[in-house]
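Derivation of every value follows stated rules applied to the coordinates shown; laboratory data play no part. This is a predicted model, so every value here is computed, not measured. Here the Cβ positions follow ideal geometry from the backbone for every residue, glycine too, while neighbour counts run over all protein chains shown.
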Amino acid sequence: MLGDTSSGTTTAPSPRRRGDYGVDGDFETVSPRGQLVVVGAIVAALAALTAVLATVADAPAFAVIPGILAVALVLGVTSYIHTTRVGKFVVWSRVLGDLQLRGDEEVLDLGCGRGALLTMVAELLPNGRAVGIDLWHADQTGNSPEATLRNAALEGVADRVEVRTGDVTRLPFDDDSFDLVISNLVLHNIPSAAARQAAIDEAVRVLRPGGRIVIGDLMHTKHYRARLLELGLTDLSRRDLGWHMWWGAPFFPTRLVTGWYRR
Ligand SMILES: C[S@@+](CC[C@H](N)C(=O)[O-])C[C@H]1O[C@@H](n2cnc3c(N)ncnc32)[C@H](O)[C@@H]1O
């Protein structure tokens, strides 16, 4: 169901999606299925080792170690799959809902991939526009402009979604073009600190006065926040998005940086 706009501002979009949003991560060399097979084989080997060690005299205590490793691997992979297929939609549905959009904003999604955030935010923009930009690199299975537009059609928001090919460090948009800039799990892919800073600078350049910025990422979020402060953004916050966005374990969380551009 599309976000309700009857009260003048929009509520959270549905985290249940009709489209196919792939799997986040680098699977260029070994496919997700291939990596699952490898992990399954390792878990089976660890389980077999546990069974053998448990039956050998004087060794039962050692059996605990491969057993714990096997359980940790299963939990880690389960957490990763949950995050990429379900958790990020649950979390971003709340994050976007909390923005209380009017519904006529123009929104830019940096590194939109297959459109997980793009189609959700478009649900909240019956009179607005959601633009996604991406280089369609690895780091998400099957990302392409066609896949994103197909998802927009499946979610019923194709009329307000646009997709562009480009680099987030050199945005092909005029200054003051957007009311909101969002991004999820993109900027850490940019190899140098200078280029990541250029991406933040570009995000602020295209933001209109009164606009907001909302960036989720695995790393470097302290630097994003610091740069936004230098650029004059206010009401800055940086917070942990919780277990729905753990990438396999609690020590791989996703953090969210937000700020207002009150020029
Ligand atoms: C892990 S995916 C996340 C996609 C989407 N934001 C989501 O949450 O589903 C990272 C995306 O960032 C894109 N990307 C990485 N570096 C980029 C850059 N410099 N400019 C534009 N897109 C980039 C990749 O092509 C990929 O689609």
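Look at the dipole of the stretch 100-261 built from charges on Cβ: of Leu187, Pro209, Asn143, the Cα furthest out on the positive end belongs to Leu187. Between Asp104 and Arg164, the simple label model (points 7 Å from Cα in the Cβ direction) yields a spacing of 2.3 nm. I need the calculated FRET efficiency for the pair Arg205 and Arg33, taking r as the beta carbon distance and R₀ as 51 Å, to the nearest 0.05. Here the calculated transfer efficiency is 0.80.
Annotation: peptides 168-180, 143-155, ranked by per-residue average of other Cβ atoms within 10 Å with the highest first, follow the order 143-155, 168-180. Multiplying the residue separation of Phe252 and Lys222 by 0.36 nm and subtracting their alpha-carbon distance yields 9.3 nm.
Dipole magnitude for the stretch 84-182: computed about the Cα centre from +1 point charges on Lys and Arg Cβ and -1 point charges on Asp and Glu Cβ, it is near 480 debye. Can you work out the base-10 log of I(q)/I(0) for the stretch 27-81 at q = 0.25 1/Å, using the Debye formula on its C-alpha atoms alone? The Debye formula, applied to the Cα set alone, gives -0.91. A protection proxy built from the mean count of other Cβ atoms within 10 Å ranks the segments 122-128, 227-233, most packed first, as 122-128, 227-233. Given their separation in residues at 0.36 nm each and the Cα-Cα distance between them, Ser14 and Asp174 gain 54.5 nm when the chain is fully extended. A protection proxy built from the mean count of other Cβ atoms within 10 Å ranks the segments 102-113, 129-140, most packed first, as 102-113, 129-140. On full extension, the segment bounded by Asp26 and Val64 gains 10.5 nm, given 0.36 nm per residue less the C-alpha separation.
Mean separation of Cα pairs under 8 Å and 6 or more residues apart, divided by the residue count, gives the chain a relative contact order of 19 percent.
Axis of helix 221-230 versus longest Cα principal axis of the chain: the two differ by about 20°, to the nearest ten degrees. How far apart, in nm, are two points set 7 Å out from the Cα along the Cα-to-Cβ line at Ala48 and at Leu236? Those two pseudo-labels are separated by 5.4 nm. For Glu162, the residues 5 or more places off, or on other chains, whose built amide H falls under 5 Å of its own are Ala130, Val131, Gly132. Put simply, the stretch 100-261 fits an ellipsoid with semi-axes of 22, 19, 16 Å; these come from the alpha carbon gyration tensor as the roots of five times its eigenvalues, largest first. Between Glu146 and Val77, the modelled label-to-label distance comes to 3.1 nm, taking each label 7 Å out from Cα in the direction of the beta carbon.
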